[in-house]
Amino acid sequence: MSVSLIMTNFSAGELSPRLGGRVDLAKYANGLAELENMFTHPHGGASRRTGFRFIREVMGRNLLPSTTLNSATGWIVGSGWTVASAKATCDGTQTAKSILSRDLKLVADRIYEISFKVSVYQSGSISISAGSGSLSEFVSAGGNYAFRSKADADGLLSIIADADFSGVLEAVQVREINPKTRLIPFEFSTEQAYVLEFTDHNIRIFKNGGIVVDEQGDPVEVGSPYTESDLPGIRFTQSADVMYLVHPEVQPYKLSRTSHVDWKMELVAFSSPPGDWNSDKGFPSCVTFFEERLCFAASPSSPQTIWMSKAGSYEDFGVSAPVVDDDACTYTLSADQVNAIRWMVSSKKLIMGTSGGEWWLSGGSSADAVTPNSVMVRRETTHGSASIPPVVVGGVMIFLQREGRTIRELSYSFEADGYTAPDLTILAEHLTRSNSITEWAYQQSPDSVIWMIRDDGTMVGLTYQREHEVVGFHRHSTDGKFRSVCTIPGPTQEEVWTVVEREVGGIARKYVERMENQFIGEGSVDAFFVDSGLTYDQGVADTVFSGLEHLEGKTVSVLADGAVRPDVVVKDGSITLTAPAKVVHAGLPYVSNMKTLRLEGGAMSGGTAQGRKKRISHVIVRLFQSLGLQVGYDGEHLERAPFRTSADKVGGAPALYTGDYEVKFNRGYDRDGQIYIRQDQPLPLSVLALIPEVSVYS
């Protein structure tokens with residue numbers, strides 16, 4: 001005899017394999033064995049994540065600004081070459097191959113893009129190289145050119161003219177591709193938010209789904225004091241249009257914004273700065289605002305010290321004689337061992353994470369402000385914190401334990417009359433057991449998700465709403481590796497921006513990509529479920545679509561006018577469809593998987609169904625605005641569910657489906673009774689519940 005079971009929600013997310021026997025756990029009924037490229041809603045259902053839209057390739061700063069072509073200083077000048085007035089001119093007087101070179105300290109084996117303009121062309125040809133084994137194509141005409149070259153250990157840029165070349169080179173630029181990158185949000189207001197792309201000594205700015213450019217159409221760039229090795233250690237805090245940045249090896253800087261294209265990076269001009277801040281003793285590594293004071297902490301020589309500015313005067317650390325309440329103040333934590341401060345968060349109290357525990361600082365009483373003569377400091381927990389700043393969700397701080405693999409929530413407990421920090425990863429420890437978290441960002445709307453980057457390039461998500469007891473992990477993969485993530489406010493929901501490292505044409509390249517807003521629609525025309533993708537929306541149907549140079553040679557999925565088209569290969573930056581379309585989404589495919597835990601229930605004779613042979617005859621999948629689905633008992637035995645009916649227009653896209661969809665199970669008895677669901681087409685999928693018909697063999 002068979003019975004119908006129901007899995008009402010998946011709010012517990014992906015659970016650890018170590019919980020395979022914990023059917024007594026309340027979370028077991030709401031958990032999954034696998035949830036890949038899907039996420040759980042606070043409502044309980046699980047949906048396929050939307051795709052990542054390609055924005056721009058990450059490029060390092062220009063290592064050869066135009067001023068370096070103003071004179072021959074720094075150049076090794078071959079016969080026939082002249083360097084002056086922002087130009088390199090070859091007059092053709094050379095009798096053999098002639099080289100113009102400059103030591104740019106290029107890093108061996110890294111790849112650089114070299115762009116230039118040839119003007120006043122007379123004859124012959126030239127080539128450019130960043131290494132003897134990597135020569136560009138020969139150029140024998142005027143125009144604009146760009147080539148990519150792998151650097152040798154000598155670090156030289158070489159411009160090689162043949163015996164007949166005569167012409168002028170202008171606008172020469174040398175930029176590293178695939179540089180180390182970090183994204184940092186800059187939130188001037190909810191209407192004006194930016195994403196800052198930090199690379200070696202350089203910052204580029206993104207807004208409104210694109211890069212910010214100047215009047216000439218060139219990306220706006222801001223010089224930065226931070227090297228590529230400094231990027232992980234940058235900490236920041238912001239007040240209106242001024243962001244303060246700190247690093248233990250760099251003096252504090254501030255980045256200010258006047259307009260979209262007007263940005264300035266400058267040293268903070270402190271008044272009476274602490275004497276401990278210098279190149280020998282180091283500089284503070286943490287910064288935040290608290291009670292109208294700008295607070296710094298943890299220099300290399302004073303890892304337990306906090307420095308607070310004067311109240312209302314962020315850059316003044318002066319002290320009066322006699323001392324008054326709004327003077328700057330300094331406090332050093334007292335502990336039985338060195339507890340270096342790793343982060344600070346402003347709340348009703350100043351919450352601090354150290355290498356040995358979690359502390360708070362406030363005034364002399366809960367109602368008092370901090371003054372030089374009125375400070376209280378207490379240690380609450382002893383877990384120890386990693387250096388990554390916590391994520392604040394409501395009144396709860398989600399922080400990483402010091403090894404970077406355990407996630408804890410720090411919140412006030414009335415029962416304990418203090419702060420507690422339970423482990424959030426205990427039920428999904430497999431997701432961080434072997435890999436640590438390097439970055440994370442919180443997306444408050446629409447579904448309260450923390451997005452985390454693991455050191456292996458996988459992205460892990462955590463749907464978190466403590467008031468509804470929703471704590472569910474999910475993992476996300478792509479054709480490449482996630483390297484950085486940040487979130488900023490958007491017009492309708494918070495936007496998730498990432499840096500993804502992808503291999504294209506055998507070369508590793510980094511792209512800035514933005515996760516598409518959560519899909520809400522009545523039809524599939526606007527469904528965007530491809531990675532590193534682009535959208536073409538035009539009034540006239542066509543078959544050829546260009547602009548995909550960043551995916552050259554890759555096989556891409558295509559959704560045209562809401563219908564799935566056969567995969568195509570990008571050639572010369574373009575794709576060609578077999579039939580014309582107006583609205584086309586094209587990008588890298590990804591697969592979404594959802595696998596249930598071993599079924600519990602249905603044993604007619606009482607007791608447990610675990611270990612008993614059982615058979616699932618069919619499954620009812622309750623769907624919401626979905627199209628396309630495969631169901632089976634494992635990843636190798638799946639059947640695609642048809643959604644097209646006689647009512648659908650021939651050649652058009654079927655309507656999105658909401659309701660119960662019954663799928664037959666072609667399998668006999670087994671002991672697990674697991675259900676596997678997959679979506680591998682560029683279409684939406686939202687599963688609200690699963691209702692299997694189960695027979696348990698007694």
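Filter the stretch 425-438 down to the residues that are in contact with a Ser or Thr (Cβ under 8 Å, 6 or more places away or on another chain) and open to solvent by less than 30 Å² (accessible area, probe 1.4 Å), then identify the one that is nearest to residue 353 (Cα to Cα).
Taking the candidates together, the pick is 425.
Is it the case that some residue within the stretch 77-90 is open to solvent by 30 Å² or more (accessible area, probe 1.4 Å), over 42 Å from the mean Cα position of the chain (by Cα) and within 17 Å of residue 129 (Cβ to Cβ)?
yes
Would you call residue 57 farther than 29 Å from residue 221 by Cβ, open to solvent by less than 30 Å² (accessible area, probe 1.4 Å), at pLDDT 95 or above and touching a strand residue (DSSP E or B) at 6+ places or on another chain (Cβ under 7 Å)? Outline the logic, then answer.
Numbers: farther than 29 Å from residue 221 by Cβ: no; open to solvent by less than 30 Å² (accessible area, probe 1.4 Å): yes; at pLDDT 95 or above: yes; touching a strand residue (DSSP E or B) at 6+ places or on another chain (Cβ under 7 Å): yes.
Answer is no for this residue.
Can you find, within the stretch 525-550, the residue that is most open to solvent (accessible area, probe 1.4 Å) among those that are touching a Gly at 6+ places or on another chain (Cβ under 8 Å) and aliphatic (A, V, I, L, M)?
Only one residue tops the list, namely 525.
Since residue 99 meets every condition but one in (1) hydrophobic (A, V, I, L, M, F, W, C); (2) assigned to a loop (DSSP other than H, G, I, E, B); (3) open to solvent by 30 Å² or more (accessible area, probe 1.4 Å), which condition does it not meet?
Unmet condition: (2).
I'd like the residue in the stretch 277-299 that is outside any strand (DSSP E or B) and in contact with a Phe, Trp or Tyr (Cβ under 8 Å, 6 or more places away or on another chain) and, out of all such residues, is nearest to residue 355 (Cα to Cα).
299
Within the stretch 515-544, work out how many residues are within 13 Å of residue 556 (Cβ to Cβ) and among the charged types (D, E, K, R).
Number satisfying all stated conditions: 1.
Hey, any hits in the stretch 621-629 for a residue that's farther than 17 Å from residue 48 by Cα, charged (D, E, K, R) and open to solvent by 10 Å² or more (accessible area, probe 1.4 Å)? Reasoning before the result, please.
The first filter runs over the stretch 621-629 and keeps only residues farther than 17 Å from residue 48 by Cα, leaving none.
Taking every residue of the stretch 621-629 in turn, none turns out to be farther than 17 Å from residue 48 by Cα, charged (D, E, K, R) and open to solvent by 10 Å² or more (accessible area, probe 1.4 Å).
Mind telling me which of the residues 153, 171, 146 ends up being surrounded by fewer than 17 Cβ atoms within 10 Å (Cβ to Cβ) and touching a helix residue (DSSP H, G or I) at 6+ places or on another chain (Cβ under 8 Å)?
Only one candidate qualifies: 171.
What are the residues in the stretch 102-133 that are within 26 Å of residue 508 (Cβ to Cβ) and open to solvent by less than 20 Å² (accessible area, probe 1.4 Å), if any?
If the condition is that a residue be within 26 Å of residue 508 (Cβ to Cβ) and open to solvent by less than 20 Å² (accessible area, probe 1.4 Å), then 106, 112, 114, 116, 127, 128, 129, 130, 131 are the ones that fit.
Just one of (1) closer than 28 Å to residue 581 by Cα; (2) open to solvent by less than 50 Å² (accessible area, probe 1.4 Å); (3) at pLDDT 95 or above; (4) out of contact with any helix residue (DSSP H, G or I) (no Cβ under 7 Å at 6 or more places or on another chain) trips up residue 497, so point out which.
With (1) closer than 28 Å to residue 581 by Cα; (2) open to solvent by less than 50 Å² (accessible area, probe 1.4 Å); (3) at pLDDT 95 or above; (4) out of contact with any helix residue (DSSP H, G or I) (no Cβ under 7 Å at 6 or more places or on another chain) applied to residue 497, the lone miss is (1).
So which of 503, 522 is assigned to a strand (DSSP E or B), open to solvent by 40 Å² or more (accessible area, probe 1.4 Å) and closer than 30 Å to residue 581 by Cβ?
503
For the stretch 571-592, enumerate the residues that are buried (at least 18 other Cβ atoms within 10 Å of the Cβ) and touching a residue at least 40 places away in the same chain (Cβ under 8 Å).
The answer is 581, 584, 585, 586, 587, 588, 589, 590, 592.
In the stretch 509-543, what residues are hydrophobic (A, V, I, L, M, F, W, C) and modelled with pLDDT of 95 or more?
Residues satisfying the conditions are 512, 515, 527, 528, 529, 530, 534.
For the stretch 317-381, please list each of the strands (runs of 3 or more DSSP E) lying entirely inside it that holds at least 1 residues being of a type in the set (Phe, Trp, Tyr) and either in contact (Cβ under 8 Å) with a residue 60 or more places away in the chain or crowded, with 16+ Cβ neighbours inside 10 Å (or both). Explain how you work it out, then say what you get.
Values: elements: 329-332, 341-346, 350-354, 358-362, 376-381.
In the stretch 317-381, 329-332, 341-346, 358-362 are the strands (runs of 3 or more DSSP E) which contain 1 or more residues that are of a type in the set (Phe, Trp, Tyr) and either in contact (Cβ under 8 Å) with a residue 60 or more places away in the chain or crowded, with 16+ Cβ neighbours inside 10 Å (or both).
From the list 29, 88, 33, which residue is part of a strand (DSSP E or B), out of contact with any His (no Cβ under 6 Å at 6 or more places or on another chain) and under 30 Å from residue 618 (Cβ atoms)?
The match here is 33.
Out of the stretch 444-469, which residues are of a type in the set (Ser, Thr, Tyr) and touching a Lys or Arg at 6+ places or on another chain (Cβ under 9 Å)?
At the first step, the residues of the stretch 444-469 found to be of a type in the set (Ser, Thr, Tyr) are 445, 448, 458, 463-464.
The answer is 458, and nothing else.
The values are calculated or read from the model by the stated rules, or taken from the named source; none is laboratory data. Note that this is a predicted model, so its numbers are computed, not measured. For neighbour counting, all protein chains shown are included, and Cβ atoms are generated from backbone atoms with ideal geometry for every residue, glycine included. Heavy atoms of the whole protein, side chains included, go into the accessibility calculation; ligands, DNA and RNA do not. Shrake-Rupley method; radii C 1.70, N 1.55, O 1.52, S 1.80 Å.
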